[in-house]
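A short write-up of the structure that comes next.
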Amino acid sequence: MARIPKVIAVVFLVVLLSACATFYQKTYQVQSNIAGGNFEKAEKLLANDTKWAENNHRVLYFMNRGVVSFMMNDYRESIKFLNQADYYIEDYSKNYGWEALSMISNPMVKPYRPEDFESVMVHFYKSLAFLALNDYEGALVEARRVNIRLQQLNDKYKDHKNKYQRDAFAHNLMGMIYEAAGDYNDAFIAYRNALEIYETDYKELFGLEPPRQLKEDLLRAAKKTGFEDKVSFYENKFNVQSPPALKSNQGELVVFWLNGMGPVKEEWQITISNYGMSNGVVALGNQEMGLHYTYSANSLSSRERAAFKDLSFLRVAFPRYRERFPVFSNGRITANGETIPFEQAQDINKIAFQSLKDRMVRELGNSLLRLATKRAMEELAANENENLGTIVSIINAMTEKADTRNWQSLPYSVSYARIPLPAGQQTIDLSFSGRNSVNDQITVDIQPGKTSFFTYHTMTSTSF
């Protein structure tokens, strides 16, 4: 038996070692500081890591810097970094040939193309940052861009479009901003659109019902606009009474609760069986997962067709998410003798899982024949020359690697609560419970007749 040359063995060892580390493990120091609330340390690590800013992960670099700046209440810097991330996302869209999952070259050597929902979350954070700066127009532009971006993405997919095509929380947020700006007609329309998406898409895909607060906001906007028939219709539909109008010396506070940490990617292997070639058609699939693909063999050379006869199965590397469960599952705000529970408005964790599932269905079928052909040729090469087969095997090992990069500093979910308060400086009690419990206080300045917005983070999650 021929011996493997020493250089080949060394290369193979390097490949194996590099394949073991996920992107999460490679960036653990930054991510652990973000998760632990050590934002200054995370910011310093990011600022000093110029290679990350310049290499194929640069869009993730600016996404993370945008989140860290947001958490440090440096909203203008946050917008600047997120604008830079948005630039690279747009640049990727112009070079859409990078989009398909490559089974021939290592996807980690390509510029990272964010998952569709990650592209959307850039605008979500920018909208919250503009709100913190009391820039309603800027906040509205970004909230609108959430659904525009989703539509643009899905228009590019001929088959197997994303099931996450509309964002209920983006419409809900638009309603809040319109209402805060005194535009009750557009607020009513935005709230109504949000309600429809919660009742259909979100209920079916994510098991998320419309928040009660949304129903009250819709009723209040209808009443302010003079749509009395709509008020009666929705009061009967919801079995909810319209909320009382604010008193002359009152304002409102909306608190967004960003809870936990979103999922991280890891690599997994899917076994694909070769069902054989019949009548000029190659059949590949996995019965347990319900995957079945057929391809015309006309594009294969006679040598490739012969190689397929000896191929029984192959393993495909694909990323999958691992959930990081938040420690807190319930929260509430208390002020002025009133306690309001937080209601979940966005399940980012479930959106992430659904988006990746849709991408897998869309990309796996298009790429499978190329990988199967490559594996078949590897076996054929090994039969003819063992060393040649080893070299081909190493090349395949280098390229059969899932892309485990993702935006790891996103929250697990977004909840919110709205509470009327007397004008002036007010102290708000926050309490969160679940596996652990914690209490905190925030101080806000309430203006009569105005809506103030505040974002609060609890990032404690189970370890990965």
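At-a-glance table
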read-out: Residue 442 at pLDDT 95 or above and surrounded by 19 or more Cβ atoms within 10 Å (Cβ to Cβ); value: no
read-out: Every residue from segment 82-106 that is modelled with pLDDT under 65, within 18 Å of residue 58 (Cβ to Cβ) and assigned to a helix (DSSP H, G or I); value: 93, 94, 98
read-out: Top-ranked residue in segment 164-209 [being basic (Lys, Arg) and surrounded by 15 or more Cβ atoms within 10 Å (Cβ to Cβ); ranked as nearest to the chain's Cα centre (by Cα)]; value: 166
read-out: Pick from segment 124-157, criterion acidic (Asp, Glu) and in a helix (DSSP H, G or I), ranking: nearest to residue 452 (Cα to Cα); value: 137
read-out: Residue match in segment 263-284 (condition: under 30 Å from residue 438 (Cα atoms) and hydrophobic (A, V, I, L, M, F, W, C)); value: yes
read-out: Any hit, segment 112-120, residues being buried (at least 16 other Cβ atoms within 10 Å of the Cβ), at pLDDT below 90 and either of a type in the set (Lys, Arg) or farther than 19 Å from residue 458 by Cα (or both); value: yes
read-out: Positions within segment 231-253 being part of a helix (DSSP H, G or I) and under 35 Å from the mean Cα position of the chain (by Cα), in sequence order; value: 234, 235, 237, 238
read-out: Residues (in contact (Cβ under 8 Å) with a residue 40 or more places away in the chain, of a type outside the set (Lys, Arg) and surrounded by fewer than 23 Cβ atoms within 10 Å (Cβ to Cβ)) located in segment 61-78; value: 71, 73, 75
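The values are calculated or read from the model by the stated rules, or taken from the named source; none is laboratory data. Predicted, not measured: the structure shown is a model, and the values here were computed from it. All Cβ positions, glycine included, derive from the backbone under ideal geometry; neighbour counts span all protein chains shown.
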